[in-house]
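K.L.:
If you scroll down you'll find the structure; I have some questions about it.
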Amino acid sequence: LTGKNDENKVDELIANYKKETDYIKSHKKEVFISLILTFFQRIFLFSIAFVIYKAFGFNEYSYIDLLVIQIGVQLAIEGLPLPGGTGMSEHLFNTIFISIFGAGLASTGMFLTRLFSFYLPLLVSCVIIIIVTRCCYYKNK
């Protein structure tokens, strides 16, 4: 710490941390439900690669194998908050999945997996936001 401003920032971070921990303590049921729902959401998203793997007719790796690989890829990416995380995810996926899908299908497998786990939900969310925004706009007019 080099000055009073830095100390104020640290004090603010500590105060925010305490506020958040107090919230968690006072909303244990909601936090637990959120954790369970997030767990199943992530498992579902990580399962997409296995569905695509099976759609290509492969049988060498089990569901658990691909689930663990997907979790490892996500942990590697999310552990380092770098700009361009999506590109890094796709590069890492492609690099690792060459040995699973083969060099000829790794890029296709990556594209389909990212399409169903990232791009399609993003597109659907955008459409929903546009519809809701327009409905609210015209309703309030």
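The values are calculated or read from the model by the stated rules, or taken from the named source; none is laboratory data. Bear in mind that the values here come from a model prediction, so they are computed numbers and not experimental data. Backbone-built Cβ (ideal geometry, glycine too); neighbour counts: all protein chains shown. The protein model used for the area step is the full one, side chains on, heavy atoms only, and it has no ligands, DNA or RNA in it. Shrake-Rupley method; radii C 1.70, N 1.55, O 1.52, S 1.80 Å.
K.L.:
For the condition more than 19 Å from I48 (Cα to Cα) and either open to solvent by less than 50 Å² (accessible area, probe 1.4 Å) or of a type outside the set (A, V, I, L, M) (or both), what is the one hit in P121, P81? Spell out how you get there, then give the answer.
P.N.:
Working: P121 fails: more than 19 Å from I48 (Cα to Cα).
Exactly one of P121, P81 is more than 19 Å from I48 (Cα to Cα) and either open to solvent by less than 50 Å² (accessible area, probe 1.4 Å) or of a type outside the set (A, V, I, L, M) (or both), namely P81.
K.L.:
Being surrounded by 12 or more Cβ atoms within 10 Å (Cβ to Cβ), assigned to a loop (DSSP other than H, G, I, E, B) and touching a residue at least 40 places away in the same chain (Cβ under 8 Å) is true for just one of F58, F116, F97. Which residue is that?
P.N.:
Details: F116 fails: assigned to a loop (DSSP other than H, G, I, E, B); F97 fails: assigned to a loop (DSSP other than H, G, I, E, B).
When all the criteria are applied, what remains is F58.
K.L.:
May I ask you to list the residues in segment 22-50 that are closer than 21 Å to F93 by Cβ and basic (K, R)?
P.N.:
Within segment 22-50, R42 is the sole residue that qualifies.
K.L.:
Which numbered condition trips up Q70, out of (1) of a type in the set (S, T, N, Q); (2) over 17 Å from F111 (Cα atoms); (3) in contact (Cβ under 8 Å) with a residue 24 or more places away in the chain?
P.N.:
The one condition Q70 does not meet is (2).
K.L.:
Another one. Name every residue in segment 61-75 that is part of a helix (DSSP H, G or I) and either open to solvent by 70 Å² or more (accessible area, probe 1.4 Å) or not acidic (D, E) (or both), in order of residue number.
P.N.:
Filtering segment 61-75 down to residues part of a helix (DSSP H, G or I) leaves 63-75.
The answer is Y63, I64, L66, L67, V68, I69, Q70, I71, G72, V73, Q74, L75.
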